[in-house]
Number of protein chains: 2
Amino acid sequence: MKSSRIHNLITAALACVLAFTTSAVEGADPSTALGTGPLRSWNDGKAKQSVIDFVKRVSVKGGKDFVPAPERIAVFDNDGTLWAEQPLYFQLAFALDRVKALAPQRPEWKDKEPFASLLKGDLKAALAGGEKALVEIVMATHAGTTTEEFERVVRDWMATAKHPKTGRRYNEMIYQPMVELLRYLRANGFKTYIVSGGGVEFMRPWVEKAYGIPPEQVVGSTIKTKFELRDGKPVIMRLPEVDFIDDKEGKPVAINKFIGRRPIFAFGNSDGDREMLLWTAAGGGARFIGIVHHTDAEREWAYDRKSSIGRLDKALDDAHGKGWTVTDMKKDWKQVFPFEK
Amino acid sequence: MKSSRIHNLITAALACVLAFTTSAVEGADPSTALGTGPLRSWNDGKAKQSVIDFVKRVSVKGGKDFVPAPERIAVFDNDGTLWAEQPLYFQLAFALDRVKALAPQRPEWKDKEPFASLLKGDLKAALAGGEKALVEIVMATHAGTTTEEFERVVRDWMATAKHPKTGRRYNEMIYQPMVELLRYLRANGFKTYIVSGGGVEFMRPWVEKAYGIPPEQVVGSTIKTKFELRDGKPVIMRLPEVDFIDDKEGKPVAINKFIGRRPIFAFGNSDGDREMLLWTAAGGGARFIGIVHHTDAEREWAYDRKSSIGRLDKALDDAHGKGWTVTDMKKDWKQVFPFEK
């Protein structure tokens with residue numbers, strides 16, 4: 001794991017210790033006047049219109065920007081783009097819960113950092129160990145099982161864990177307008193992919209139901225795995241070793257490796273998505289580049305250039321300079337989460 | 001690159017030096033009485049019937065073995081399963097041709113092994129350097145370009161290079177019965193994947209046309225790549241470093257990473273496919289496991305347990321022991337290559 005990325009993760013993790021006490025109060029916006037049509041949770045405006053215009057341009061046969069359906073590849077970041085990421089990345093919340101769940105089987109953790117501090121509820125002290133501490137937490141909670149066992153662990157957590165602010169299950173904290181956008185694209189012949197810094201096997205168990213994106217269209221970070229026969233039965237074991245970090249310049253690399261076509265549509269929300277957006281934009285023909293700008297401290301969170309989680313700084317400058325579509329959550333979204341009434 | 005795999009490759013490469021002079025004479029079998037229907041190049045028999053029976057079992061709604069379409073994942077090895085692999089892996093032929101093509105820009109190769117011997121036409125001496133020599137050849141011919149440049153190189157080679165025995169372009173040496181099988185599966189809701197030891201970016205430029213398999217359904221071996229800005233333009237550079245070898249126990253690992261679902265249908269032809277076949281077979285519910293057995297020295301080649309290329313030994317024992325479907329090329333295929341009349 002590259003040191004700068006680990007550093008970012010740690011900064012983010014530390015920030016959320018504070019964020020738990022200071023972040024914006026979650027509140028549902030009871031939009032009663034919901035619209036109709038495929039993008040009904042979007043307010044009329046430039047963002048919504050630019051999506052519709054683009055989809056028409058590339059999907060109307062005979063038009064000068066027409067793109068054959070198999071080449072209509074759309075890629076989406078996940079954290080902060082399809083679901084929320086505050087006050088800390090949901091996968092980190094999973095890892096912390098998992099340390100607690102595993103503790104009875106690991107009595108030695110009582111005296112061993114970073115686990116000892118974590119189990120006492122002192123996240124800040126636990127992460128004081130820096131990169132090494134974070135890697136230890138991730139490996140202790142994401143490796144050592146078969147892929148099938150890990151899938152069950154993720155499903156169980158997703159079915160029971162609650163977000164500290166909203167009290168909702170994490171997979172309820174997906175963005176309704178983005179779910180509609182994914183559906184709208186697929187209805188127009190697009191193939192929709194997730195390209196996330198999150199773990200592939202952390203996402204696959206729930207994203208098909210949440211977003212309609214099947215497992216084979218989930219690209220993300222991976223740890224190494226190993227095929228073996230266990231009592232004659234083939235299993236794939238998850239090893240405590242990083243394989244690939246799908247963030248920043250890793251995103252175009254992974255798009256090339258897993259998809260092998262350059263997307264014509266990309267949506268992100270942070271500087272971690274910048275290379276993916278640049279790579280998509282640099283292809284020939286019509287392109288759509290979108291950014292979710294978190295501007296809504298009432299219904300969600302408001303953060304951008306200074307945030308340690310989901311920092312949006314350089315990519316926001318790019319967006320303004322290059323004419324990308326910036327979606328202003330507060331202005332452009334009639335509804336944020338599906339559970340809002 | 002693992003030493004045992006390199007050793008296999010070298011053994012295979014050395015073997016083909018001899019194979020060029022001793023291998024079976026290629027000959028077209030002018031089957032004039034071609035059948036009709038979706039699998040018309042297959043003779044009636046157990047192999048053809050077992051495919052049809054399986055597809056019916058899993059795709060007829062309400063049946064006890066019904067599998068929903070999104071879970072109908074079919075994986076195919078490429079070399080020796082979808083196209084020929086004698087007298088040497090076609091990608092190795094590409095690498096050797098590429099050394100010759102690049103030689104004028106690399107004057108130092110005249111005095112440097114393994115290139116000096118290769119350029120003199122002495123493959124055996126070139127590969128006497130063992131693992132190190134082979135890796136040098138692969139890296140010198142597959143890395144150092146952008147992904148887009150490499151794609152053009154592969155397309156150009158495929159459009160012009162000729163197989164030493166048949167005089168045909170390499171992408172004409174695909175198996176007509178397997179092309180029909182792929183089409184038949186897709187017509188019945190399957191998603192067809194290649195899972196090959198060959199390089200992903202060597203296959204993607206031509207397999208969509210040859211087999212109807214899009215780039216995003218090609219899983220294979222990879223070298224590392226790097227995103228960078230070149231004069232402000234984003235490119236992905238191919239680095240001279242192995243990323244992943246998609247062979248033997250690598251195949252189930254890659255299936256899990258790229259597809260994230262266990263296939264219900266798998267086809268291979270060699271011991272390099274054994275772990276993929278075992279992994280597929282070990283899933284719950286109905287499964288189809290097929291093997292192409294190269295038994296036709298007249299129309300193609302006859303080889304199995306003793307061959308250094310495409311050795312089929314342990315997997316053939318498994319097939320007999322576990323009731324997998326062994327396709328006897330000579331008996332089961334009415335036609336081998338599309339160019340046969």
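The values are calculated or read from the model by the stated rules, or taken from the named source; none is laboratory data. Computed from a prediction, not measured in an experiment: that's the story for all the values here. FYI the Cβ positions are ideal-geometry reconstructions off the backbone, even for glycines, and counts take in every protein chain you see. Side chains included, ligands, DNA and RNA excluded: accessible areas come from the protein's heavy atoms. Shrake-Rupley method; radii C 1.70, N 1.55, O 1.52, S 1.80 Å.
Using a probe of 1.4 Å, the accessible surface attributed to B:Glu151 totals some 70 Å² when neighbouring protein chains are kept in position.
Net charge within 14 Å of B:Met158 by Cβ-Cβ distance, Lys/Arg positive one each and Asp/Glu negative one each, not counting B:Met158 itself? Show your work: numbers first, answer last.
On the way: positive: B:Arg98, B:Arg152, B:Arg155, B:Lys162, B:Arg168, B:Arg169, B:Arg204, B:Lys209; negative: B:Asp97, B:Glu151, B:Asp156, B:Glu172, B:Glu201, B:Glu208.
Charge balance in the 14 Å sphere: +2.
The local environment of B:Ser221, defined by Cβ-Cβ distances under 9 Å, has a net charge of -3 under the rule Lys, Arg +1 and Asp, Glu -1. Normalised by 2.2 N^0.38 Å, where N counts its residues, the alpha-carbon radius of gyration of the stretch B:158-246 equals 1.33.
Pair-distance distribution P(r) for the stretch B:204-265, from all Cα-Cα distances in 10 Å bins starting at 0: 19, 36, 35, 10, 1 percent. With no solvent and one equal point scatterer placed on each C-alpha of the stretch A:97-185, evaluate the Debye formula and give log10 I(q)/I(0) for q = 0.16, 0.20 Å⁻¹, two decimals. Log-scaled intensity ratios, in q order: -0.81, -1.05.
Each 10 Å bin from 0 upward holds the following percent of the Cα-Cα pairs of the protein assembly as shown: 3, 14, 23, 24, 19, 11, 5, 1. Of the solvent-accessible surface of the protein assembly as shown, computed with a 1.4 Å probe and all protein chains present, 52% belongs to carbon and sulfur. Between the stretch A:317-341 and the stretch B:236-312, the alpha-carbon centres lie 45 Å apart. For the stretch B:151-230, the set of chymotrypsin sites (Phe, Trp or Tyr not before Pro) satisfying both a DSSP loop assignment and a count of at most 15 other C-beta atoms within 10 Å is empty.
Under the Kirkwood approximation for Rh and a Cα-based Rg, what ratio Rg/Rh is obtained for the stretch B:146-209?
Values: Rg = 13.7 Å, Rh = 13.4 Å.
On the Cα set of the stretch B:146-209, Rg over Rh gives 1.02.
Placing a label point 7 Å from Cα along the Cα-to-Cβ axis, A:Glu149 is separated from the same position in the other copies by 4.7 nm, shortest listed first. For B:Val75, the residues whose amide H sits under 5 Å from its own are B:Tyr193, B:Phe265, B:Ala266, B:Phe267, ignoring neighbours fewer than 5 places away on the same chain, with H placed 1.01 Å from N.
Considering the stretch A:31-121 at the alpha-carbon level, its Rg and Dmax are found to be 23.3, 69 Å. Label-point spacing for B:Gly232 across the identical copies (point 7 Å from Cα in the Cβ direction), in nm and ascending order: 6.6. Can you compute the label reach from B:Ala286? Point 7 Å from Cα along the Cβ direction, backbone N cut-off under 16 Å, restricted to the stretch B:221-265. Hits in the stretch B:221-265 for B:Ala286 at 16 Å: B:263-265.
Measuring how big the stretch B:203-341 is from its alpha-carbon positions, Rg and Dmax come out at 18.1, 59 Å.
Using θ = phi - 60° in the Karplus curve 6.51 cos²θ - 1.76 cosθ + 1.60, the 3J(HN,Hα) couplings for the stretch A:76-85 round to 10, 4, 9, 4, x, 10, 9, 9, 6, 9 Hz; x is entered for Gly and Pro.
Provide Rg over Rh for the stretch B:258-313; use the alpha carbon set for both Rg and the Kirkwood Rh (inverse mean inverse pair distance).
Working: Rg = 13.3 Å, Rh = 12.4 Å.
Rg divided by Rh gives 1.07.
The figure for B:Ser59 is an accessible area of roughly 30 square angstrom, using a 1.4 Å probe on the protein chains alone. Summing Cβ point charges (Lys, Arg +1; Asp, Glu -1) relative to the Cα centre of the protein assembly as shown gives a dipole of roughly 1060 debye. Among the lysines, select those whose C-alpha is under 30 Å from the C-alpha of B:Lys100, and discard any that sit fewer than 8 residues away in the same chain. Leaving aside lysines fewer than 8 places away in the same chain, those within reach of B:Lys100 are A:Lys257, B:Lys2, B:Lys110, B:Lys112, B:Lys120, B:Lys124, B:Lys132, B:Lys162, B:Lys165, B:Lys209, B:Lys224, B:Lys226. Rolling a 1.4 Å probe across all protein chains gives A:Lys233 an accessible area of roughly 100 Å². Simple rule: put +1 on each Lys or Arg Cβ and -1 on each Asp or Glu Cβ in the protein assembly as shown, find the dipole, and look at B:Phe115, B:Val138, A:Trp279; the Cα lying farthest toward the positive end is A:Trp279.
Between A:Lys341 and A:Ile52, the C-beta separation translates, for a Förster distance of 30 Å, into a calculated FRET efficiency of about 0.70.
In this structure the stretch B:193-341 gives 34 Å² per residue of accessible area when probed at 1.4 Å with all protein chains present.
About its Cα centre, the dipole of chain A is roughly 640 debye, where the only charges are +1 on Lys and Arg Cβ and -1 on Asp and Glu Cβ.
Dipole magnitude for the stretch B:239-335: computed about the Cα centre from +1 point charges on Lys and Arg Cβ and -1 point charges on Asp and Glu Cβ, it is near 380 debye.
Under conditions of 37 °C and 0.692 mPa s, the stretch B:190-235 yields 274 µm² s⁻¹ as its translational diffusion coefficient, taking Rh as the Kirkwood radius over Cα pairs in the Stokes-Einstein equation.
Ordering B:Thr225, A:Thr160 by accessible surface, largest first, gives A:Thr160, B:Thr225; the 1.4 Å probe counts only protein heavy atoms, with every chain in place.
From largest to smallest, the equivalent ellipsoid semi-axes obtained for chain A from the alpha-carbon gyration tensor read 34, 24, 19 Å.
Between the residues B:Gly220, B:Ala125, B:Trp206, the greatest Cα displacement towards the positive end of the dipole of the stretch B:99-250, with unit charges on the Cβ of Lys, Arg, Asp and Glu, is found for B:Trp206.
Which value results when the Cα radius of gyration for the stretch A:247-289 is divided by 2.2 N^0.38 Å? Write out the running numbers ahead of the final one.
Working: Rg = 9.5 Å, N = 43, 2.2 N^0.38 = 9.2 Å.
Scaled against compact globular proteins, the figure is 1.03.
For the set A:Lys110, A:Lys248, the ranking by accessible area, highest first and with no ligand, DNA or RNA atoms included, is A:Lys110, A:Lys248 under a 1.4 Å probe.
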